[in-house]
Amino acid sequence: MSNDKTSLKVGGMTCTGCAATVKNALEREGAKNVFVDFSMGEAVFQKPDNIPIERFIKAIEKSGYIVNDDSDSIIHSHHQKVKGLFIINVILTVPLLLSMIVDIPFLHQSWVQFILATPVLIIGLYHFGEKAIQSILHKSPSMDVLILLGSIASYVYSIIGWWLYHSHDFMFFETTASIITFVMLGNLIEAYSVAKTTKEIQKLQKSNDIKYATKKVEVNGNIQYDKVSVDDIFVGDILLIKEGEQVPLDGKILSGEVEVNEAILTGESIPVFKKEKDELIAGSTIIRGNAEMYVTRKKSETILAQIVEIVKKAQRDKTDIQKLGDKISAVFVPTVILIAIITFVLNYAILHSMAESILRSIAVLVISCPCAMGLAAPTAIAVALGVAAKQRILFKASSAFELLNQSDCIVFDKTGTLTTGNFIVEKMDLFSNVYSKEKVLSIVYSAENRSLHPIAQSIAKYCSQQKVKGTLLIDFKEEKGLGISFKLFNDSNNTTFKIGSFRILKENHHLKKDYDVFVTADNVLIAAFKLKDEIREGAQETIQWLQNQRKKVILLSGDKKEKCIEVAEYLGIPKENIFYEQLPQEKLYKIEELKKQFMVCMIGDGINDAPAMATANVSISFNNSASIAIDSAQIIISHQQLFEKLKIAFELSKITIQKIKQNYFWAFFYNIFAIPIAALGFLRPIVASLSMAFSDVIVVGNSLGLYRWTKELKERK
């Protein structure tokens, strides 16, 4: 079994029932870890090495769906074919409906109604039949089963009434035609609406789907530029990007100056000026200028590719509320068929009318809508993921929407989270006669340059500004929360150096409060740095907003008491909610303790906070987009305006869960209310089929309301 994922584009799916049929078909052929997304028209699975891909394609097509793993052209032609069949159905169905309201003798002829209704039924069998049969065989009966049962029942009964009783009272050809026509109309509108729910995700995918690039090559000593497939470009290759073109891969400018629109990743449409050695990100667009760049990441590893993969993985995840809907949908169709049978039996026993009893049972079949429940959560999640990605908020799992919405205790790290992490060295003092300042700076630079921690990077930058040269280190060790230890290469004294917080000093050192980073040689203090950090823009307003939402806000930091209290007081965090000088393991224990009382959301920079973030119910990382792939948080905010986007993440999670609940309410209310009305004879099959066709559209339309929320968000700004 290969660990590689196989992805196929699948057309014709309209709801979770269709996805379940495709999933079961693939699993029966031996596929593992199958995920089918009806909204994106995609099936992802692990394929056994000894089974050819054609076998899985055949299994999907046998289930009544179409597969095309190269482009959308076949799927588009399929949709066009469905539209054509629907138009034929409308032409044939309209005269049948007219016969019910207009006195045209010709249209009342039994043979005329038979001729009009029969092609519609044949089209219905063609369109719904194979999928209905396969869904039964795969033990996941779909809505197609209900539609065919209702239309076939009315058609067969009409034939019997025509041949045996020669009476119009026993003929319902218009019911057969209208059920199929109205449901196909609903399917077309639904397919269009569902496609709109994924429009932002599709934009990301299209931006990541650049096919060709201009590569600089040398042939017989001459330089030339060839158009090549992006798949054939590797790290280190040199590309030419012209004005108006999209950047095909991540890289750095080798020569030239350009203005770049990076809105696809930053959300900011204002062009950014780039020059030699500046980074270019795949998917961004050159607004002005030309440049040569060398490639730093292959196609599958670009920042944009990582974002697309994160969003797609999030769609594969399911919230608890969505799992409940799936369980109900799985037993819905058999339950409705049972209700239809009971409806027929009871009505016939009471009314003694075969025609009326059949009409009512047919109405029960076609009024029921399992698709509405199947669409309730996935459509809302698809819209929310797209909206979030556009805001540069990446939800790694759709369950994170639910967990974030439930969070009532918000725990913040300080350094790099509440503060910018862009430290400034206020002063550096020497406490040794053995080592010169230049030597200490050289040692510190060599060591701190190895770390990604914001403090280490700031000190390394300060040292480099002093024009010092690095030195070779050995036995380098890093202990999170404490610091680093190492030795110098070819040091005859075999001295062990340490750089870190006050914890590397002896107990209660008198300089503990005066400096932030200390340097020791064999446990003897030789130098110390005092740093200054600034609080992030918007932090104070967001903390206040969270507290107004009745959420408990906690500061959990490894930094010194004095600095933590200073930051907390400025932000308005109560003293009892401040926990300072915490090692990574102590942070983890504190999160575990809080989880006994609260739903905990941990917000950190994803470096020293990883254990605590992994322990929290849900975690958010403030990070730059370059670190997306290795980040451990369920939610990543990679926008410059971090706290503004944090607030949006909370608001979006709340409104998304509201939309899901509203969708489920509508789906349940519709079915619970409509089925009894149909069973009692207050809804004729024609009206029932029309109502069912549009019930899905109402659910999807409610999910699309999230786009209206984003417009309101822009207006608020």
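Filter segment 167-206 down to residues that are open to solvent by less than 20 Å² (accessible area, probe 1.4 Å) and among the small types (G, A, S) and give me whichever is modelled with the lowest pLDDT.
S193
If you scan segment 272-286, which residues turn out to be in contact with a Leu (Cβ under 6 Å, 6 or more places away or on another chain) and either open to solvent by 30 Å² or more (accessible area, probe 1.4 Å) or hydrophobic (A, V, I, L, M, F, W, C) (or both)? First the steps, then the outcome.
First, pick out the residues of segment 272-286 that are in contact with a Leu (Cβ under 6 Å, 6 or more places away or on another chain): 281-283.
Those that are in contact with a Leu (Cβ under 6 Å, 6 or more places away or on another chain) and either open to solvent by 30 Å² or more (accessible area, probe 1.4 Å) or hydrophobic (A, V, I, L, M, F, W, C) (or both): I281, A282.
Do any residues in segment 547-562 that are within 11 Å of L583 (Cα to Cα) and surrounded by 21 or more Cβ atoms within 10 Å (Cβ to Cβ) have Cβ atoms under 8 Å from those of residues that are among the hydrophobic types (A, V, I, L, M, F, W, C) and at pLDDT below 85, where the two are at least six apart or on different chains, and which pairs are they?
That search, which allows pairs on different chains as well, returns G558/L583.
May I ask you to list the residues in segment 423-438 that are of a type in the set (V, I, T), in a strand (DSSP E or B) and either touching a Pro at 6+ places or on another chain (Cβ under 7 Å) or open to solvent by 70 Å² or more (accessible area, probe 1.4 Å) (or both)? Steps first, answer last, please.
First, the residues of segment 423-438 that are of a type in the set (V, I, T): 424-425, 434.
With the extra rule that they be in a strand (DSSP E or B), the set shrinks to 424-425.
Selection gives I424 alone.
Name the one entry in S432, S485, S492 that is of a type in the set (S, T, Y) and either within 42 Å of the chain's Cα centre (by Cα) or at pLDDT 90 or above (or both). Walk me through how you get there before you give the answer.
Numbers: S432 fails: either within 42 Å of the chain's Cα centre (by Cα) or at pLDDT 90 or above (or both); S492 fails: either within 42 Å of the chain's Cα centre (by Cα) or at pLDDT 90 or above (or both).
Testing whether each residue is of a type in the set (S, T, Y) and either within 42 Å of the chain's Cα centre (by Cα) or at pLDDT 90 or above (or both) leaves just S485.
Scan segment 328-341 and give yes if some residue there is without any contact (Cβ under 8 Å) to a residue 40 or more places away in the chain, in a helix (DSSP H, G or I) and buried (at least 17 other Cβ atoms within 10 Å of the Cβ), otherwise no.
No, there is no match, as no residue in segment 328-341 is without any contact (Cβ under 8 Å) to a residue 40 or more places away in the chain, in a helix (DSSP H, G or I) and buried (at least 17 other Cβ atoms within 10 Å of the Cβ).
For segment 26-43, what are the residues that are touching a residue at least 40 places away in the same chain (Cβ under 8 Å), hydrophobic (A, V, I, L, M, F, W, C) and surrounded by 20 or more Cβ atoms within 10 Å (Cβ to Cβ)?
F38, M40
Whether any residue in segment 354-377 is under 30 Å from F172 (Cα atoms), aliphatic (A, V, I, L, M) and open to solvent by 30 Å² or more (accessible area, probe 1.4 Å) is what I want to check.
Checked against the condition, which is being under 30 Å from F172 (Cα atoms), aliphatic (A, V, I, L, M) and open to solvent by 30 Å² or more (accessible area, probe 1.4 Å), segment 354-377 yields at least one hit.
Taking the conditions exactly as written (free of Cβ contacts under 8 Å to residues at least 24 places away in the same chain, closer than 21 Å to I341 by Cβ, part of a helix (DSSP H, G or I) and under 44 Å from the mean Cα position of the chain (by Cα)), does I136 satisfy them or not?
Answer is yes for this residue.
Under 9 Å by Cβ, and 6 or more places apart or on different chains, what pairs join a residue from segment 428-444 that is free of Cβ contacts under 8 Å to residues at least 60 places away in the same chain with one that is open to solvent by 20 Å² or more (accessible area, probe 1.4 Å) and of a type in the set (F, W, Y)?
If the second residue must be open to solvent by 20 Å² or more (accessible area, probe 1.4 Å) and of a type in the set (F, W, Y), the pairs left are L441/Y462.
Please pick out the residue among I504, I474 that is open to solvent by less than 70 Å² (accessible area, probe 1.4 Å), at pLDDT 90 or above and over 30 Å from Q641 (Cβ atoms). Walk me through it before giving the result.
On the way: I504 fails: at pLDDT 90 or above.
Going through I504, I474 in turn, the sole match is I474.
Just to verify a result, which residue in segment 104-114, among those that are among the aliphatic types (A, V, I, L, M) and surrounded by 15 or more Cβ atoms within 10 Å (Cβ to Cβ), is farthest from W163 (Cα to Cα)?
Filtering first and then ranking leaves L107.
Considering segment 115-133 alone, what residues qualify as being of a type in the set (F, W, Y) and open to solvent by less than 60 Å² (accessible area, probe 1.4 Å)? Can you show your working first?
Pass one, segment 115-133, residues of a type in the set (F, W, Y): 126, 128.
Result: F128, single match.
Scan segment 400-408 and give yes if some residue there is touching a strand residue (DSSP E or B) at 6+ places or on another chain (Cβ under 9 Å), outside any helix (DSSP H, G or I) and either at positive phi or at pLDDT 85 or above (or both), otherwise no.
yes
The values are calculated or read from the model by the stated rules, or taken from the named source; none is laboratory data. Source: prediction; values computed, not measured. Neighbour counts are summed over all protein chains in view; Cβ atoms, including those assigned to glycine, are modelled from backbone coordinates with ideal geometry. Ligands, DNA and RNA are stripped out before the accessible areas are found, and what is left, the full protein with its side chains, is counted by its heavy atoms. Shrake-Rupley method; radii C 1.70, N 1.55, O 1.52, S 1.80 Å.
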